[in-house]
């Protein structure tokens with residue numbers, strides 16, 4: 001039986017402020033990383049390469065420059081104290097074999113582990129698609145290596161978390177004590193196989209098997225989408241005390257309107273984890289009305305994107321309890337209140353309903 005290593009968990013204090021959602025970027029193919037030609041030619045990729053100063057560099061130079069930039073961000077005297085680096089597994093076919101034709105971006109577990117071993121500012125979140133033939137073996141390997149969480153992106157990785165065949169995988173994940181960080185809602189930055197897989201109700205089997213689940217982006221659809229999953233997520237919170245949501249990507253025009261509904265409601269606030277979604281830009285100026293011109297400009301000119309994100313959410317009402325929650329969840333120390341007795345039950349996954357722009361708090 002695998003023993004989960006605590007080599008990276010030992011870096012966390014209960015009062016640490018941890019950025020829960022930072023994407024690792026590496027295009028070094030020798031270590032199992034991959035990016036499709038379609039994605040390389042896309043607007044988002046080209047923008048990020050220029051914005052990060054990675055254009056016209058070799059793949060190894062890009063990784064070195066990216067990691068160095070992140071390291072300086074976390075080494076700053078102000079929060080965050082640590083950053084969780086996210087791996088991203090391949091798409092797999094019905095036989096559990098790699099499907100390169102449908103995969104667009106892969107960041108290998110070995111790359112994330114290596115970077116985190118080399119730099120004490122980082123914590124590794126492994127990625128294991130439960131559809132892969134050797135899913136259990138890879139999960140055990142990652143637990144033994146010290147991964148602090150498991151990250152999946154069902155929309156992009158092409159699997160339905162509600163598939164009954166994955167229940168044993170979720171059960172083992174719970175036994176290992178690894179939190180599950182799963183993308184929820186629409187996928188905006190990468191080509192999606194099915195955004196139906198972003199419905200947070202599809203994570204109910206993982207919750208029922210005992211997993212601590214962190215719904216990345218709180219299932220917020222954002223602007224321009226006909227279907228809203230946010231109410232599905234908030235409706236599940238009373239029933240599932242192991243369910244959390246990270247507000248990564250909320251510092252943008254697409255998701256800015258979801259901040260107040262999450263931080264302004266007592267139950268939802270108790271389940272919020274803070275992340276930056278770096279390298280997606282953090283844009284304080286979209287909160288001009290809430291912050292005022294002077295504060296919004298001050299934050300916008302902060303050159304450290306991770307610190308800018310933490311300072312922004314503090315200014316919007318996230319206190320130490322909220323900012324430190326990621327550390328406590330990763331350490332298994334957070335004890336959310338029991339489910340509300342009179343709460344309505346969450347429905348099983350169904351056809352998405354038309355979105356509503358009205359949020360109840």
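Contact order for region 9-331, expressed relative to its length and based on alpha carbon pairs under 8 Å spaced 6+ residues apart, stands at 19 percent. Compared with the alpha-carbon gap, the fully stretched path from residue 15 to residue 117 is longer by 34.5 nm at 0.36 nm per residue.
Here residue 260 and residue 51 are evaluated by their C-beta separation; at R0 = 35 Å the FRET efficiency comes out at 0.80. Most tightly packed first, judged by the mean number of other beta-carbon atoms within 10 Å of their residues, the peptides 112-118, 132-138 read 112-118, 132-138. Scaling the Cα radius of gyration of region 9-331 by the globular reference 2.2 N^0.38 Å produces a ratio of 0.92.
Available extension along the chain between residue 93 and residue 167 is 24.8 nm, counting 0.36 nm per residue and deducting the alpha carbon span.
Computed over region 1-81, the Cα gyration tensor eigenvalues convert (square root of 5λ each) into semi-axes of 29, 19, 12 Å, ordered from largest to smallest. Averaging 1/r over each pair of different alpha-carbon atoms in region 213-306 and inverting the result gives 14.0 Å, the Kirkwood hydrodynamic radius. Note on region 44-162: the C-alpha convex hull projects to 8.7 nm² when averaged across all orientations.
When DSSP beta bridges are restricted to pairs lying wholly in region 9-331, around 15% turn out antiparallel. Backbone N atoms of region 51-73 closer than 12 Å to the 7 Å Cα→Cβ label point of residue 30 belong to residues 59-61. Scaled against the 2.2 N^0.38 Å expected of a compact globular protein of N residues, the Cα radius of gyration of region 182-244 reads 1.08.
For the listed peptides 295-303, 99-107, a ranking on the average number of other beta carbons within 10 Å per residue, highest first, reads 99-107, 295-303.
Considering only the Cα atoms of region 1-42, their convex hull presents on average a projected area of 5.9 nm².
Put a dot 7 Å past the Cα of residue 37, heading toward its Cβ, do the same for residue 194, and the two dots end up 2.8 nm apart. Projected onto its three principal axes, the C-alpha set of region 108-240 covers 43, 29, 28 Å, listed from the longest axis down.
Length gained on full extension, residue 298 to residue 285: 3.7 nm, using 0.36 nm per residue less the C-alpha separation.
The largest-to-smallest principal axis extents of the Cα set in region 64-120 are 48, 19, 18 Å.
A short reminder: the numbers here are calculations on the coordinates, not readings from a lab. Not measured: the values here are computed from a predicted model. Heads up, the Cβs are rebuilt from the backbone with ideal geometry, glycines too, and the neighbour counts pull from every protein chain shown.
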